[in-house]
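Asker: Quick one: structure below, then a few questions.
The values are calculated or read from the model by the stated rules, or taken from the named source; none is laboratory data. As the structure is a computational prediction, the values presented were derived from the model and not from experiment. Cβ coordinates were reconstructed from backbone atoms using ideal geometry, including for glycine residues, and neighbour counts include every protein chain displayed. Heads up: the accessible areas ignore ligands, DNA and RNA and are worked out on the full protein's heavy atoms, side chains in. Shrake-Rupley method; radii C 1.70, N 1.55, O 1.52, S 1.80 Å.
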Amino acid sequence: MDEREFGRSGQHASVVGLGTWQLGADWGDVDDKEALTVLEAAAESGVTFFDTADVYGDGRSEQTIAAFLSGRPDLHVLVATKMGRRVDQIPENYVLDNFRAWNDRSRRNLGVDRVDLVQLHCPPTPVYSRDEVFDALDTLVEEQRIAQYGVSVETCAEALTAIARPGVASVQIILNPFRLKPLDEVLPAAREAGVGIIARVPLASGLLSGKYTKDTVFPENDHRTYNRHGESFDQGETFSGVDYVTGVEAAVEFAALAPEGWTPAQLALRWIIQQPGVTTVIPGARSPEQARANAAAGKLPELSGETLAAVRDLYDRRIKEQVEGRW
């Protein structure tokens, strides 16, 4: 699979990575054996970027990645984790002492002395404007606790503030055919600054897979049930903030755009990969089959201009009014 340079570090990541939120929590139950088979399938398919967080299963996702990689010393995988969501979401908690403590925990979970990439995990908006926050992150680099750092954001405005910081290596942002706003300013600014872009929620929490109907029922411990209206965290993380019924209807139109032999999910992933400035896209997977199918999108040919225009038209007609002004 193709790889792209990751931020300013000289490291590289596969164009399709693996998001491991599903392997920790909030997407229904996944047992440890099944989680390891997902990681194995992704690695065998050429995935060299795993994205996790200290809060996914309260460390379970990090520990699962560590268990997998410890048995595969032949693999070179860039592992990115996140920190900051295990405490009250107030700017005062984003200080060096806490960063060190959170990093110590992640390093233990991952079984490493230095983490490849640590990202602030969608912190309160004022955090992005505090010099002392980024001074503290620079200190973690100097102490060789982390190789580089980035941020995971909710809004385009937060992304642009972070990109202006000279030490930021990457910005993780929601980008998919139902969330086009980052194309206008965020991706061009990141390219200009040499900042990597990690595209998350690429399938709009599964809507763009075309598998769901208006009658689909998700488990109670799945965020697509309990966070549908932003009850537990930012609504934009669930179905990209799109009303479920609207999303299902639009997903039917989207699926019809898939070239022969492609799944709707592969169309969505290929569309993201093709956007100038994207470094890697991180779909999750609950089975080896899903992991392999997602990775295969990294080897598909480019989409035609006609298909790209049809995706934009669908967004403008069905989705834009719901999400453009919020994120």
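Asker: In nm, what is the difference between 0.36 nm times the number of residues separating Gln322 and Asp58 and their Cα-Cα distance?
Answerer: 91.8 nm
Asker: Still on this structure, I have one more. Please tell me the relative contact order of the range 180-288 in percent, rounded to the nearest whole number, where contacts are Cα pairs under 8 Å and at least six residues apart.
Answerer: 40 percent
Asker: Of all DSSP beta bridges located in the chain, what percent are antiparallel, nearest 5?
Answerer: Taking every DSSP beta bridge with both residues in the chain, the antiparallel ones total about 20 percent.
Asker: Do the sum for the chain: with -39,500 (n - 2.57) for every DSSP H run of n ≥ 4, divided by all residues, what is the mean residue ellipticity at 222 nm, to the nearest 500 deg cm²/dmol?
Answerer: Here the helix-only value at 222 nm equals -10500 deg cm²/dmol.
Asker: Roughly how far apart, in whole Å, are the Cα centres of the range 131-175 and the range 46-89?
Answerer: 18 Å
Asker: Within the range 33-70, name every residue whose backbone N is under 13 Å away from a label modeled 7 Å from Cα of Met1 along the Cβ vector.
Answerer: Answer for the range 33-70: 38-51.
Asker: Once you keep just the Cα pairs under 8 angstrom separated by 6 or more residues, what percentage relative contact order results for the chain?
Answerer: Relative contact order of the chain: 22 percent.
Asker: How much area per residue is accessible in the range 138-181 when the probe is 1.4 Å and only protein heavy atoms are counted (Å²)?
Answerer: Accessible area per residue: 28 Å².
Asker: Next question, about the same structure. Can you bin the chain into rounded, prolate or oblate? Criterion: square roots of the alpha carbon gyration tensor eigenvalues sorted a ≥ b ≥ c, rounded for a/c under 1.5, prolate for a/b above b/c, oblate for the rest.
Answerer: rounded
Asker: Further, regarding this structure: Below 8 Å between Cα atoms, with a sequence gap of 6+, how large is the relative contact order for the range 29-169 in percent?
Answerer: 21 percent
Asker: List, in order, the whole-Hz ³J(HN,Hα) value for each residue of the range 81-93 obtained from phi through the Karplus relation with A = 6.51, B = -1.76, C = 1.60 and θ = phi - 60°; use x for Gly and Pro.
Answerer: Each residue of the range 81-93 in turn: 10, 9, 8, x, 9, 9, 10, 4, 8, 10, x, 5, 7 Hz.
Asker: Still on this structure: What is the sum of charges around Arg100, taking Lys and Arg as +1, Asp and Glu as -1, for the other residues whose C-beta is under 9 Å from the C-beta of Arg100?
Answerer: Neighbourhood net charge equals -2.
Asker: In a GNM of the chain with a 10 Å cut-off on Cα contacts, which of Val55, Val15, Val30 has the highest mean-square fluctuation?
Answerer: Among Val55, Val15, Val30, the largest GNM mean-square fluctuation belongs to Val30.
Asker: Can you give me the % of accessible surface on the chain that is carbon or sulfur? Probe 1.4 Å, all protein chains present, nothing else counted.
Answerer: Whole-percent figure for carbon plus sulfur exposure: 47.
Asker: Keeping every protein chain present and rolling a 1.4 Å probe, give me the accessible area per residue for the range 183-275 in Å².
Answerer: For the range 183-275, the per-residue accessible area is 40 Å².
Asker: How far apart, in nanometres, would the label points at Lys299 and Arg130 be if each is projected 7 angstrom from Cα along the Cα-to-Cβ direction?
Answerer: Inter-label distance under the simple model: 4.6 nm.
Asker: To continue, here is another question. Mind checking the full-extension length gain between Leu96 and Asp74? Use 0.36 nm per residue of separation minus the Cα-Cα distance, one decimal, nm.
Answerer: 4.5 nm
Asker: Moving to a separate point now. Determine the gain in length on full extension of the stretch Val245-Ala147; use 0.36 nm per residue of separation and subtract their C-alpha separation, reporting nm with one decimal.
Answerer: Gain in length upon complete extension: 31.0 nm.
Asker: With a cut-off of at most 15 other beta carbons within 10 Å, and DSSP calling the residue loop, which GluC sites (Glu not before Pro) in the range 143-239 qualify? Please list them.
Answerer: Glu143, Glu185, Glu220, Glu231
Asker: State, to one decimal in nm, how far the label point of Phe233 lies from the label point of Glu260, with both points 7 Å from Cα in the Cβ direction.
Answerer: Label-label distance for Phe233 and Glu260, simple model: 4.2 nm.
Asker: Using the Cα gyration tensor of the range 1-63, with a ≥ b ≥ c the square roots of its eigenvalues, what is the shape: rounded (a/c below 1.5), prolate (a/b larger than b/c) or oblate (neither)?
Answerer: oblate
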